[in-house]
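Structure first, commentary second.
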């Protein structure tokens, strides 16, 4: 294992070889972080680290394998000396009539979208000795019902609930836990979903027509607010943080609405 000089700030981003995760990795690199890129596709991971250069380390990993989250965080800490931020972005999509979904498929979707995120949160937070930030990428479907998306929605709803509870429980350790719930975003997951339709072009026109902004979100839209939560100073307030939403004045001050795509939401912790 190559041991690098201790980095100023380190962010571990799951599922960061494409889509939203890649956009967040790029953004945090620009903000001065060393990013740990993870994913199952080695070729894509190597391409990303070649693009980001010395500010990135790739750890190939399947988060559904036993002990994967622990190995990821141990590797990151051993190579870079610290962990300041964990971004739980890795996920798989799922569509299907609810009554026809086999149990093993439900388990598979929960394994990566929810259970792997729980493990990454736990393993990352244990190593944040001076505090830090955890950002969970959930979905608008965590709070909206869409036919054929029930299982996916349930996995993201569980992650949203975890965010709220973890924010309170980890506050005494100076660890902030927040969530971003994107609307329709143009990622490889979206492209694969669109390709399943008989008329992808018409489906996309229908989707964008329902969005007030008139376009899909871009991964960079989601990366922008994620850059606002990494720790810059230690908070000393004795009161635990209280969750709030993007509708409150506090959230408006923290993340300008112009930086959020239509259909997206934030869970903001003071």
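The values are calculated or read from the model by the stated rules, or taken from the named source; none is laboratory data. Since the model is a prediction, treat every value here as computed from it, not as a measurement. Note: ideal-geometry Cβ built from the backbone for every residue, glycine included; neighbour counts use all protein chains shown.
Report, by residue number, each residue of the range 1-19 that is buried (at least 18 other Cβ atoms within 10 Å of the Cβ) and either modelled with pLDDT of 95 or more or outside any helix (DSSP H, G or I) (or both). Steps first, answer last, please.
Looking only at the range 1-19, we keep the residues that are buried (at least 18 other Cβ atoms within 10 Å of the Cβ), and these are 7, 9-19.
7, 9, 10, 11, 12, 13, 14, 15, 16, 17, 18, listed by residue number.
Give the residue, chosen from 79, 27, that is touching a residue at least 60 places away in the same chain (Cβ under 8 Å), surrounded by 15 or more Cβ atoms within 10 Å (Cβ to Cβ), more than 20 Å from the chain's Cα centre (by Cα) and not in a loop (DSSP other than H, G, I, E, B).
Step by step, each of 79, 27 is checked, and only 79 is touching a residue at least 60 places away in the same chain (Cβ under 8 Å), surrounded by 15 or more Cβ atoms within 10 Å (Cβ to Cβ), more than 20 Å from the chain's Cα centre (by Cα) and not in a loop (DSSP other than H, G, I, E, B).
Condition test on residue 84, is it modelled with pLDDT under 95 and within 22 Å of residue 174 (Cα to Cα)?
no
Going by the conditions given, is residue 240 closer than 26 Å to residue 123 by Cβ, in contact with a helix residue (DSSP H, G or I) (Cβ under 8 Å, 6 or more places away or on another chain), modelled with pLDDT of 50 or more and outside any helix (DSSP H, G or I)?
Numbers: closer than 26 Å to residue 123 by Cβ: yes; in contact with a helix residue (DSSP H, G or I) (Cβ under 8 Å, 6 or more places away or on another chain): yes; modelled with pLDDT of 50 or more: no; outside any helix (DSSP H, G or I): yes.
Against the criterion (closer than 26 Å to residue 123 by Cβ, in contact with a helix residue (DSSP H, G or I) (Cβ under 8 Å, 6 or more places away or on another chain), modelled with pLDDT of 50 or more and outside any helix (DSSP H, G or I)), residue 240 does not qualify.
Tally the residues that are in contact (Cβ under 8 Å) with a residue 24 or more places away in the chain and surrounded by 11 or more Cβ atoms within 10 Å (Cβ to Cβ), restricting the search to the range 193-207.
Step one: of the range 193-207, the residues in contact (Cβ under 8 Å) with a residue 24 or more places away in the chain are 193, 196.
Right, trim to surrounded by 11 or more Cβ atoms within 10 Å (Cβ to Cβ) and you get 193.
Of the residues in the range 193-207, 1 are in contact (Cβ under 8 Å) with a residue 24 or more places away in the chain and surrounded by 11 or more Cβ atoms within 10 Å (Cβ to Cβ).
Just to confirm my filter: which helices (runs of 4 or more DSSP H) fall fully inside the range 116-216 and include at least 3 residues that are under 18 Å from residue 84 (Cβ atoms) and either in contact with a helix residue (DSSP H, G or I) (Cβ under 9 Å, 6 or more places away or on another chain) or at pLDDT 95 or above (or both)?
Values: elements: 116-126, 150-170, 188-195, 200-209.
Correct list: 116-126, 150-170.
Would a scan of the range 90-113 turn up a residue that is touching a strand residue (DSSP E or B) at 6+ places or on another chain (Cβ under 8 Å) and not in a helix (DSSP H, G or I)?
Step one: of the range 90-113, the residues touching a strand residue (DSSP E or B) at 6+ places or on another chain (Cβ under 8 Å) are 90-91.
Of the ones still in play, those that are also not in a helix (DSSP H, G or I) are 90-91.
Yes, that holds for at least one residue.
Considering only residues that are farther than 21 Å from residue 73 by Cα, free of Cβ contacts under 8 Å to residues at least 12 places away in the same chain and touching a strand residue (DSSP E or B) at 6+ places or on another chain (Cβ under 9 Å), which ones fall in the range 154-177?
So in the range 154-177, the residues farther than 21 Å from residue 73 by Cα come out as 154-158, 160-161, 164-165, 168, 172.
From what is left, the residues that are free of Cβ contacts under 8 Å to residues at least 12 places away in the same chain are 161, 165.
Within the range 154-177, just 165 meets the criteria.
Among (1) closer than 26 Å to residue 224 by Cα; (2) in contact (Cβ under 8 Å) with a residue 40 or more places away in the chain, there is one condition residue 151 misses while meeting the rest; what is its number?
Failing condition for residue 151: (1).
With respect to the numbered conditions (1) outside any helix (DSSP H, G or I); (2) in contact with a helix residue (DSSP H, G or I) (Cβ under 7 Å, 6 or more places away or on another chain); (3) surrounded by 15 or more Cβ atoms within 10 Å (Cβ to Cβ), which one is the sole condition not fulfilled by residue 62?
(3)
Run down 48, 37 and say which single residue is in a strand (DSSP E or B), touching a residue at least 12 places away in the same chain (Cβ under 8 Å) and in contact with a strand residue (DSSP E or B) (Cβ under 9 Å, 6 or more places away or on another chain).
On the way: 48 fails: in a strand (DSSP E or B).
The conditions single out 37.
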